[in-house]
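The values are calculated or read from the model by the stated rules, or taken from the named source; none is laboratory data. From a predicted model like this one, the values you see are computed outputs, not experimental measurements. Note: ideal-geometry Cβ built from the backbone for every residue, glycine included; neighbour counts use all protein chains shown. These area figures cover heavy atoms from the full protein model, side chains too; ligands, DNA and RNA do not enter into them. Shrake-Rupley method; radii C 1.70, N 1.55, O 1.52, S 1.80 Å.
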Amino acid sequence: MPMEDGLPISSLQHYIYCPRQCALIHVERLWADNIHTASGSIEHERVDAGQGNTSRGIRIERSVHLLSERYGMQGVADVVEYHGPRGRYDRIVPVEYKHGKPKAHRADEVQLCAQAICLEEMHGMDIERGYLFYLKPRRRTDVLFDEELRNLTIRTILDVRSLIDNGETPPARYEKSCEQCSMIDLCLPHLGPHMKGIGRVPASQYNDRQFSILLNNEPSEP
């Protein structure tokens, strides 16, 4: 898909979860919902609909648009907390809401770290940590933006950009986690490695701008 507005931060999460899923969404512009993504969309709408507020020295902003010219990426953060006196905050904390529970892979952490990288560039200050709020256990998970996570995030940015620039969809490979993916009926992983690109859907229901908005607010995998 066109990237005039920058690489979608959501694409990094997709790539960590499954490079083929990332290509189907961001190269071939395919998308499908299941009960997990639909539930996640509803939860995100509730979070995004809330109003920003200030309490105990913390200003809370919702649906914050993010941009990094250095890395050529953009997206939307669910919540950004600005800590400190009004107009002179000394700490910024991104908070991302996720449907389900913490996962074995680092896709959610990479997405949050990418948000922090954008905020650092936008505000000219370092961000040490952020939080993932999982809706199933309903508690925050602390994420430290250490060197390891930052390096993984930057490598993923480069890998995703290469994947999209090349315009090639990796072959299918079935794994147990495929059964939870909303894209399974489009991906057809049971057909094996010879199943490659699907092809862009004619007369897509989304134009490029609508598709970008969809992906930047796209809920996480279960």
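Does Arg155 count as open to solvent by 30 Å² or more (accessible area, probe 1.4 Å), over 17 Å from Ala23 (Cα atoms), modelled with pLDDT of 85 or more and of a type in the set (Lys, Arg)? Talk me through it step by step, then tell me what you get.
Values: open to solvent by 30 Å² or more (accessible area, probe 1.4 Å): yes; over 17 Å from Ala23 (Cα atoms): no; modelled with pLDDT of 85 or more: yes; of a type in the set (Lys, Arg): yes.
Judged against the criteria, Arg155 is not a match.
So is Arg62 open to solvent by 10 Å² or more (accessible area, probe 1.4 Å), modelled with pLDDT of 55 or more and not in a strand (DSSP E or B) or not? So that I can check it myself, show each step before the final result.
Details: open to solvent by 10 Å² or more (accessible area, probe 1.4 Å): yes; modelled with pLDDT of 55 or more: yes; not in a strand (DSSP E or B): no.
No: the conditions fail for Arg62.
So which of Leu188, Leu144 ends up being free of Cβ contacts under 8 Å to residues at least 24 places away in the same chain, in contact with a strand residue (DSSP E or B) (Cβ under 6 Å, 6 or more places away or on another chain) and open to solvent by 10 Å² or more (accessible area, probe 1.4 Å)? It would help to see each step written out before you state the result.
Details: Leu188 fails: in contact with a strand residue (DSSP E or B) (Cβ under 6 Å, 6 or more places away or on another chain).
Of the residues listed, the single one that is free of Cβ contacts under 8 Å to residues at least 24 places away in the same chain, in contact with a strand residue (DSSP E or B) (Cβ under 6 Å, 6 or more places away or on another chain) and open to solvent by 10 Å² or more (accessible area, probe 1.4 Å) is Leu144.
Six or more apart or on different chains, Cβ under 7 Å: which pairs go from a residue in region 93-104 that's of a type outside the set (Gly, Ala, Ser) and modelled with pLDDT under 85 to one that's in a loop (DSSP other than H, G, I, E, B) and open to solvent by less than 40 Å² (accessible area, probe 1.4 Å)? Could you list them?
Between residues of region 93-104 that are of a type outside the set (Gly, Ala, Ser) and modelled with pLDDT under 85 and residues that are in a loop (DSSP other than H, G, I, E, B) and open to solvent by less than 40 Å² (accessible area, probe 1.4 Å), the close pairs are His99/Leu135; His99/Pro219; His99/Ser220.
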